[in-house]
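K.L.:
Provided herewith is a single structure, encoded as structure tokens, for subsequent inquiry.
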Amino acid sequence: MQSPRRTLRARIATGLLAYSVLLGAGILLQGYLTNEQIEQVLWRTLLTQEAEHFEGRRAADPAEPLPRTRALVSYESPSDRLARDIPPSLQGLAPGLHDDITVDGRDMAVLVRDRGGRRLYMAIDISGLEAAESSLMRRVLASSLLGLAVLVGAIWWLAGRMLRPVSEFAAQFDDMRPDVRGERVEIADAASLEVATIAGAMNRYLERQEDFVIRERAFINTMSHELRTPVAVMRGAAELIGEVAELPVDVRKPLQRIRRTLDNVEELIAMLLVLAREPERFEGNQETIRLENVLPDIVLAHAHLMRDKDLHVEIGSVEPGPLHAPMQVVETAIANLLRNAIESSDHGVIRIEVRPTGVVRIQDPGHGMSPTDIGRLYSSSARAGDSPSGAGIGLALIRRICEHLGWRLELSSEEGQGTLAVLDVRASLRPDAPHDPPQG
């Protein structure tokens, strides 16, 4: 499962915060190391001067006692053995400066020197300084955390302000509707050059897309009208041939197939004309349809497809309600679903219901379909000769019509248990029709 995508604002804020934390940590570490180095230089200088001063006095007076004050203590021993009064924490120290050595419960800085076969230990009490240093470190840490919290808020606000033109651009583009012409992304004056470049590119793309849709609809509209004349001529010729009394039987069967193919072509032309129009242009050009009156005619027109099958169609409950849609489109959509039900069934009852108002349900007793079969049925276009019935125009085009008019088409099936086709045309219900939620 793909993890949720992080926003650009969060990415920028996180990056700046990480940089600030690393920079602050580096500054604190550098300050700490510098402070330690200064302390080392200070203790070394102070204790070295004190040791050299003592050794000078000892050279003048061998009886000169070791310096001892409240803050400074010193010890001395031969280099080959240690005096008993030297604290254990000092006895293992090598010559040089040692920091943070505990002597009698106090933090000491200790200088160890070997002179004339003797070892001198000079120790200065730094407990007060260490306590002050710890207190200062706590204050610095607290102020750093407070500053970090303020920095987080400032970075988040600044990132949001910087990316506001991008968010506004995305919101504008998301609100656009593909069926509305002339929509363009507005570029704010405060937008950066990059945002303006992206918005300009998107506007040019929208212009090209709009021109393409206009050309496509114009082509479909022109071709659909141009095809009507030859179809009408062929239909008239087929009817004239069919009226010949002595027409051989082996000619009448292909003639019937020609008529069914012409019916399918007329359905296709009607569908293409619908797709060539924008949905809002249907107002005033539609008919008032009642499904309770249309369904019996559709069933009767498809009775010939069940002559060689132990199959019949039953119209169940039909909740009345007026539709406002092109008659031929409604009839073609329902007829196509009924044909599919007949073709996938060998015996039993195909049940047609309208419940609630505007929701047509066609349940067949066929063999059922797998999800792969349903997907293939959606994507394929039926062609004359694909089935004994002449097939129809295909569910792929029916689904495009549904999207165009705001309808919904759903197929649900289990292998061996038949298929349920649900055509929801409530988007075309007249305002005075009831709108009930669909039932299972």
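The values are calculated or read from the model by the stated rules, or taken from the named source; none is laboratory data. Everything numeric in this text was worked out from a predicted model, so none of it was measured. A quick note on method: Cβ atoms are made from the backbone with ideal geometry, for glycine too, and the neighbour counts reach across all protein chains shown. Ligands, DNA and RNA are stripped out before the accessible areas are found, and what is left, the full protein with its side chains, is counted by its heavy atoms. Shrake-Rupley method; radii C 1.70, N 1.55, O 1.52, S 1.80 Å.
K.L.:
Considering only the chain, what is the antiparallel percent among its DSSP beta bridges, to the nearest 5?
P.N.:
Values: 42 of 49 bridges.
Around 85 percent antiparallel, to the nearest 5.
K.L.:
Over the Cα atoms of the chain, compute the convex hull volume and normalise it per residue, giving Å³.
P.N.:
Convex hull volume per residue, Cα atoms: 303 Å³.
K.L.:
Which order do you get for 370, 192 if you rank them by accessible area with a 1.4 Å probe, largest at the top?
P.N.:
Result, largest first: 192, 370.
K.L.:
So, taking all protein chains as they sit and a 1.4 Å probe, how much accessible area belongs to residue 212, in Å² rounded to tens?
P.N.:
Accessible area of residue 212: about 100 Å².
K.L.:
Quick one: longest stretch of the chain between exposed loop trypsin sites (Lys or Arg not before Pro), exposed meaning at most 16 other C-beta atoms within 10 Å and loop per DSSP?
P.N.:
By the stated rule (loop sites, at most 16 other Cβ atoms within 10 Å), 85-180.
K.L.:
Residues with amide H under 5 Å of residue 357's amide H, sequence separation 5 or more or different chain, H placed in the peptide plane at 1.01 Å from N; which?
P.N.:
Result for residue 357 returns 436.
K.L.:
If one takes the longest principal axis of the Cα atoms in the chain, at what angle in degrees, from 0 to 90 and to the nearest 10, does the Cα axis of helix 193-242 lie?
P.N.:
In the chain, helix 193-242 runs at an angle near 20 degrees to the longest axis.
K.L.:
Kindly write out, for segment 306-323 in residue order, the coupling ³J(HN,Hα) from the Karplus curve 6.51 cos²θ - 1.76 cosθ + 1.60 (θ = phi - 60°), rounded to whole Hz, with x marking Gly and Pro.
P.N.:
Result, ordered by residue: 10, 4, 9, 10, 7, 9, 8, 9, 10, 8, x, 5, 10, 7, x, x, x, 9 Hz.
K.L.:
Tell me, what is the FRET efficiency for residue 49 and residue 118 to the nearest 0.05, using R0 = 25 angstrom and their Cβ-Cβ distance as r?
P.N.:
Values: r = 19 Å, r/R0 = 0.76.
Working from the Cβ atoms, E equals 0.85.
K.L.:
Given the whole protein assembly as supplied and a 1.4 Å probe, what does the accessible area of residue 34 come to in Å², nearest 10?
P.N.:
Using a 1.4 Å probe on the heavy atoms, I get roughly 50 Å².
K.L.:
Express in nm, to one decimal, how much length is gained between residue 412 and residue 17 on full extension, taking 0.36 nm for each residue of separation and deducting their alpha carbon distance.
P.N.:
Extending this stretch completely gives an extra 137.0 nm.
K.L.:
Assuming R0 = 60 Å, what is the FRET efficiency of residue 151 and residue 353, from their Cβ-Cβ distance, to the nearest 0.05?
P.N.:
Rounded to the nearest 0.05, the efficiency is 0.35.
K.L.:
If amide H atoms are built 1.01 Å from N in the plane of the peptide, which residues on other chains or at least 5 residues away come under 5 Å of the amide H of residue 429?
P.N.:
The answer is 324.
K.L.:
Which value, in Å² and to the nearest 10, is the accessible area of residue 41 when all protein chains are kept and the probe is 1.4 Å?
P.N.:
Residue 41 has an accessible surface of roughly 90 Å² with all protein chains in place.
K.L.:
Modelling each spin label as a point 7 Å along the Cα-to-Cβ direction, I'd like the residue 312/residue 399 distance in nm, to one decimal.
P.N.:
Distance between label points: 3.5 nm.
K.L.:
May I pose another question? Residues with amide H under 5 Å of residue 103's amide H, sequence separation 5 or more or different chain, H placed in the peptide plane at 1.01 Å from N; which?
P.N.:
Excluding prolines and chain starts, which carry no amide H, the hits are 108.
K.L.:
Just to be sure I understand the model, the point goes 7 Å from the Cα along the line to the Cβ. What's the resulting residue 290 to residue 227 distance in nm?
P.N.:
Distance between label points: 3.4 nm.
K.L.:
A further question on this structure: Stretched out fully, how many nm does the piece from residue 176 to residue 6 gain, at 0.36 nm a residue minus the Cα gap?
P.N.:
Fully extending the segment from residue 176 to residue 6 adds 58.8 nm.
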